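What follows is a short report on a single structure.
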Amino acid sequence: MRNALSYQRIPPVFAGEDLFSSIAYIRANAAAQRMSSPKVARLVPQPDGTQPEEFAHISSFALVQKGGKLLLIRRLRPERWAGKWCIPGALLLYGEDPEAGARRVVKEQLGADATGVKLLDVQSYGDKHWDICFVYRVETPEIGKVGQDFDKTEYFEFASLPAETRDDHKEVIELARWKRVV
């Protein structure tokens, strides 16, 4: 059983007990680990290459369209995504407003200013982790110099995305099309 207030796994022994007993256990456990609070415990950095058992990615994606085509950006880094086409997007910074995140993505990845930003969809996926994706339509007068982790941008027809498009980004595009928001 998971407790939404603590973001920690509650041992099964508490599954049938009341919420206050469960919270008391978590607080005592956090204190024993010298953590200031259960919520802070989830924010403690993990050793390199590891992630906590349960985690969520919260992202903003910027769909830039021109003449019925979608702008994708090709990654250079990280290595596992090198050569893959992506929707401009990124994880939100802690406490960042999703629209501000979309504007930041356009600035950092496309070297442009977002002139029009409209929320199209909020999507949720989960298997190895939980993804919450804010999908925005973004207008920009021109594309500038792409960020250092990218090498180029290109517009593609929705029906003929490159084979090298990241699978998770294809899912975002396909669901947005299915919902008829793009």
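Miscellaneous remarks
- Odd one out for Gly147, checked against (1) surrounded by 13 or more Cβ atoms within 10 Å (Cβ to Cβ); (2) part of a strand (DSSP E or B): (2)
- Contact annotation: residue pairs with Cβ atoms under 7 Å, 6 or more positions apart or on different chains, pairing a residue in the stretch 53-80 that is modelled with pLDDT under 95 with a partner that is among the β-branched types (Val, Ile, Thr), are Ala56/Ile132; Ile58/Ile132.
- Selection from the stretch 113-162 of residues that are small (Gly, Ala, Ser), in contact with a strand residue (DSSP E or B) (Cβ under 8 Å, 6 or more places away or on another chain) and touching a residue at least 24 places away in the same chain (Cβ under 8 Å): Ala114
- Summed over the stretch 134-172, the residues that are within 14 Å of the chain's Cα centre (by Cα), modelled with pLDDT under 95 and among the hydrophobic types (A, V, I, L, M, F, W, C) give a count of 1.
- Identification of strands (runs of 3 or more DSSP E) wholly contained in the stretch 52-138 with 2 or more residues that are more than 22 Å from Glu154 (Cα to Cα) and among the polar types (S, T, N, Q) yields 116-126.
- Qualifying residue in the stretch 104-120 (condition: under 13 Å from the mean Cα position of the chain (by Cα) and modelled with pLDDT of 95 or more): yes
- Any hit, the stretch 106-114, residues being touching a helix residue (DSSP H, G or I) at 6+ places or on another chain (Cβ under 6 Å) and either farther than 15 Å from Tyr136 by Cα or in the same structural domain as Asp168 (by TED's automatic domain parsing) (or both): yes
The values are calculated or read from the model by the stated rules, or taken from the named source; none is laboratory data. Not measured: the values here are computed from a predicted model. FYI the Cβ positions are ideal-geometry reconstructions off the backbone, even for glycines, and counts take in every protein chain you see.
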